[in-house]
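Here the structure comes first, spelled out in structure tokens, and everything after it is commentary.
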Amino acid sequence: MTFYGGTELASVYDDALDKGFGLTASNIAEPNVMMGLMEGASRVDSDLLLQLSNGACTFAGNGDPIAGLKAMGNYIDLIAEQYDIGVFLNMDHQTDLDTIEQQIELEIPSSIMIDASHEPFEENVRQSKQVVDMIDDAGADILVEAELGKIKGVEDEIVAEKAFYTDPEQAVEFVDRTGCDLLAISVGTQHGVAKGKDLELRPDLTEDIRTALRDHGLDTPLVLHGSSGVQPHQLQQMLKLGICKVNKDTRYQYEYTRTAFDLYREKADDIVPPEDIEDHRDTFFNEVEWSPNKDRFDPRVSGRQIRERIADVYADLAEVAGSAGRSKFS
């Protein structure tokens with residue numbers, strides 16, 4: 001694969017911890033967002049961490065998540081060849097150990113997030129440790145991200161009505177017992193649509209978790225899930241406290257749909273017939289004088305604009321996160 005494995009990704013996280021910046025981990029489900037992200041990352045010389053959830057893989061694979069991973073993995077691999085940045089792939093919010101085992105056997109991802117945070121502590125430890133052991137036994141170059149605490153909101157198949165903040169001492173025990181490479185923590189962010197003014201962010205708790213880990217000899221990069229609504233100054237404060245990976249998904253989903261919507265709304269008459277003309281879609285308007293404008297409805301037109309908008313958004317996010325100008329592979 002042209003994109004890099006866990007060893008190279010770990011070196012990026014080491015730099016991030018040392019220099020106080022983070023990677024914006026960006027979820028994808030189809031090619032336009034992925035290509036926009038690569039263009040934006042290349043533009044600002046930032047390494048790029050792409051993410052696929054099980055739902056995204058299932059969508060891309062027409063119901064088969066492993067087929068979707070293979071398809072998107074190949075797509076990423078081929079397009080990554082066009083850019084001189086580090087491109088990585090993380091499997092986001094994985095809950096099924098059989099699926100994870102297949103991902104490990106394929107050796108496509110750079111890292112895998114096992115999310116057993118909805119389980120009791122001991123079961124979370126057991127499942128997370130099992131994934132670490134599976135990767136070690138396979139000799140695969142894949143990092144493991146695990147989660148402790150619950151983040152409010154909906155992410156893929158996981159629903160949490162209430163947040164449960166991560167306990168610092170429990171975080172130490174969890175990392176020590178599981179051997180995970182990264183730890184996603186709950187410090188007040190939310191999955192889905194959220195406004196920064198409504199979030200009860202706990203940068204003090206982030207600092208406490210970081211300090212507790214370091215006091216026990218664990219220099220573990222921390223992960224911020226559910227970052228929609230987190231304002232730049234809030235994020236930058238978190239990055240100084242050990243956050244090295246910041247997940248983004250909802251923002252890209254909105255930008256995708258909003259960009260297409262604005263395009264079609266601006267020239268709706270090129271796509272939808274006026275009210276006084278029958279909507280003869282089945283005969284492709286053979287019986288009426290009006291015809292749609294292919295220069296407007298060709299999906300490549302909206303696709304190009306979506307890629308451009310996603311590139312702009314990612315470039316801005318990389319500047320805020322501090323990864324701009326820091327690619328280790330350019």
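In table form, for the structure just shown:
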read-out: Residues of the range 73-128 classified as of a type outside the set (Val, Ile, Thr), under 22 Å from Ser46 (Cβ atoms) and assigned to a loop (DSSP other than H, G, I, E, B), total; value: 7
read-out: Some residue of the range 60-71 being part of a helix (DSSP H, G or I), surrounded by fewer than 24 Cβ atoms within 10 Å (Cβ to Cβ) and among the polar types (S, T, N, Q); value: no
read-out: So Thr166, is it at pLDDT below 95 and among the polar types (S, T, N, Q); value: yes
read-out: Residue that is nearest to Tyr252 (Cα to Cα), among those in the range 262-278 that are touching a residue at least 24 places away in the same chain (Cβ under 8 Å) and assigned to a helix (DSSP H, G or I); value: Leu263
read-out: Close pairs (9 angstrom Cβ cut-off, 6 or more residues apart or separate chains): at negative phi and touching a residue at least 60 places away in the same chain (Cβ under 8 Å) in the range 49-71, of a type in the set (Ser, Thr, Tyr) and not in a helix (DSSP H, G or I) anywhere; value: Leu49/Thr24; Leu49/Ser26; Leu49/Ser110; Leu49/Ser111; Gln51/Ser26; Asn54/Thr95
read-out: Among the residues listed as Val154, Val187, Val193, the single one being buried (at least 20 other Cβ atoms within 10 Å of the Cβ), of a type in the set (A, V, I, L, M, F, W, C) and at pLDDT below 95; value: Val187
read-out: Which numbered condition His118 fails, given (1) modelled with pLDDT of 95 or more; (2) surrounded by fewer than 20 Cβ atoms within 10 Å (Cβ to Cβ); value: (1)
read-out: In the range 27-50, residue nearest to the chain's Cα centre (by Cα) [restricted to those that are outside any helix (DSSP H, G or I) and buried (at least 23 other Cβ atoms within 10 Å of the Cβ)]; value: Asn27
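Every residue, every condition in (1) assigned to a loop (DSSP other than H, G, I, E, B); (2) of a type outside the set (Lys, Arg); (3) modelled with pLDDT of 90 or more, yes or no:
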| residue | (1), (2), (3) |
| --- | --- |
| His280 | yes, yes, no |
| Asn286 | yes, yes, yes |
| Ser291 | yes, yes, yes |
| Arg300 | no, no, yes |
| Arg304 | no, no, yes |
| Arg307 | no, no, yes |
| Ala311 | no, yes, yes |
| Tyr314 | no, yes, yes |
| Val320 | no, yes, yes |
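The values are calculated or read from the model by the stated rules, or taken from the named source; none is laboratory data. Please read all numbers here as calculations on a predicted model, not as lab measurements. Every residue, glycine among them, receives a Cβ derived from its backbone with ideal geometry; neighbour counts consider all protein chains shown.
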